[in-house]
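The structure appears below as structure tokens.
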Amino acid sequence: MNVAGYVRVSTQEQGDSGAGIAAQMAAIEVACKQRGLTLAATYCDEAVSGSTPLDSRPQGRDMLDALSAGTYDGLIVSKLDRLSRSAFDFASTMRRSLAEEWAIICLDLGVDTTTPSGKMIAQVMSAFAEFELDMIRQRTRDGLAAKRAMGVRLGRPVSAHPLTTEYIMKLHDEGLNYSQIARCLEGAELETPRGGKRWYVTTVRDIILRGAN
């Protein structure tokens, strides 16, 4: 089985031996030998935040394209947070892997979708991410319904739902630009302040500027 190794470090982690490139590569190489996997290529993103969606990272995007094309049978990563720190982003990657029939192996969590147990763990993680997203949607709907019941006129809201705003500010603090944040929000299918699905850069910018005041 041919796999692509993936490693990532943020700017702050460059000098951390525990999270450095060499440490990640060593763990991947050992695991490949133990499991009889062929490490066909390695993709490395440097100075990239873990909250940046995988398909928005230069090397991450190239790796996903190669996996989609059938170049590799799967990807292997030393720790899940190297791949994603967002439950929504991991759920998206998981769904893509299942649809395109390539494997995900995360050494720290024992996630290996080439095995029934590993696939179950990954699906449970994906399900919890979906549950979290559904809860945010439901709270948004409940909040709007309560305002309508109180007779509040709901024209264009001045801001997004508090949980959505919190998510936006978190992504901004971790270094994502407005366009990347908009893509994350659309991927998570979170509603805009007007109840739509299409997030514009200007909307994201206005929410961040209000939140910073």
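The values are calculated or read from the model by the stated rules, or taken from the named source; none is laboratory data. What you see is a predicted model; the values in this text were computed from it and never measured. Because the Cβ atoms are built from the backbone with ideal geometry, glycine has one as well, and the counts that use them run over all protein chains shown.
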Quiz item: Given the conditions (1) modelled with pLDDT of 80 or more; (2) among the small types (Gly, Ala, Ser); (3) more than 19 Å from Ala188 (Cα to Cα); (4) touching a Gly at 6+ places or on another chain (Cβ under 9 Å), and given that Ser97 satisfies all but one, which numbered condition is not satisfied?
Solution: (3)
Exercise. Go through segment 59-75 residue by residue and tally those that are in contact with a Leu (Cβ under 9 Å, 6 or more places away or on another chain), of a type in the set (A, V, I, L, M) and in contact (Cβ under 8 Å) with a residue 60 or more places away in the chain.
Key: 2
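Conditions tested, residue by residue: (1) assigned to a helix (DSSP H, G or I); (2) assigned by TED's automatic domain parsing to the domain that holds Leu176; (3) not basic (Lys, Arg).
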site: Tyr6; (1), (2), (3): no, no, yes
site: Glu29; (1), (2), (3): yes, no, yes
site: Met63; (1), (2), (3): yes, no, yes
site: Ile76; (1), (2), (3): no, no, yes
site: Arg95; (1), (2), (3): yes, no, no
site: Thr114; (1), (2), (3): no, no, yes
Quiz item: So is Thr42 buried (at least 16 other Cβ atoms within 10 Å of the Cβ), at pLDDT 95 or above and polar (S, T, N, Q) or not?
Solution: yes
Practice problem: Would you mind finding the one in Ser92, Ser78, Ser56 that is more than 27 Å from Leu190 (Cα to Cα) and touching a residue at least 60 places away in the same chain (Cβ under 8 Å)? | Solution: Ser78
Practice problem: Would you mind stating whether Arg137 is outside the structural domain of Ser56 (by TED's automatic domain parsing) and either under 19 Å from the mean Cα position of the chain (by Cα) or at pLDDT 85 or above (or both)? | Solution: yes
Quiz item: Which one is nearest to the chain's Cα centre (by Cα) among residues in segment 184-202 that are assigned to a helix (DSSP H, G or I) and surrounded by fewer than 20 Cβ atoms within 10 Å (Cβ to Cβ)?
Solution: Gly187
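Condition check ((1) modelled with pLDDT of 95 or more; (2) surrounded by fewer than 22 Cβ atoms within 10 Å (Cβ to Cβ)) across all residues:
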site	(1), (2)
Glu29	yes, yes
Val48	no, yes
Leu54	no, no
Ala91	no, no
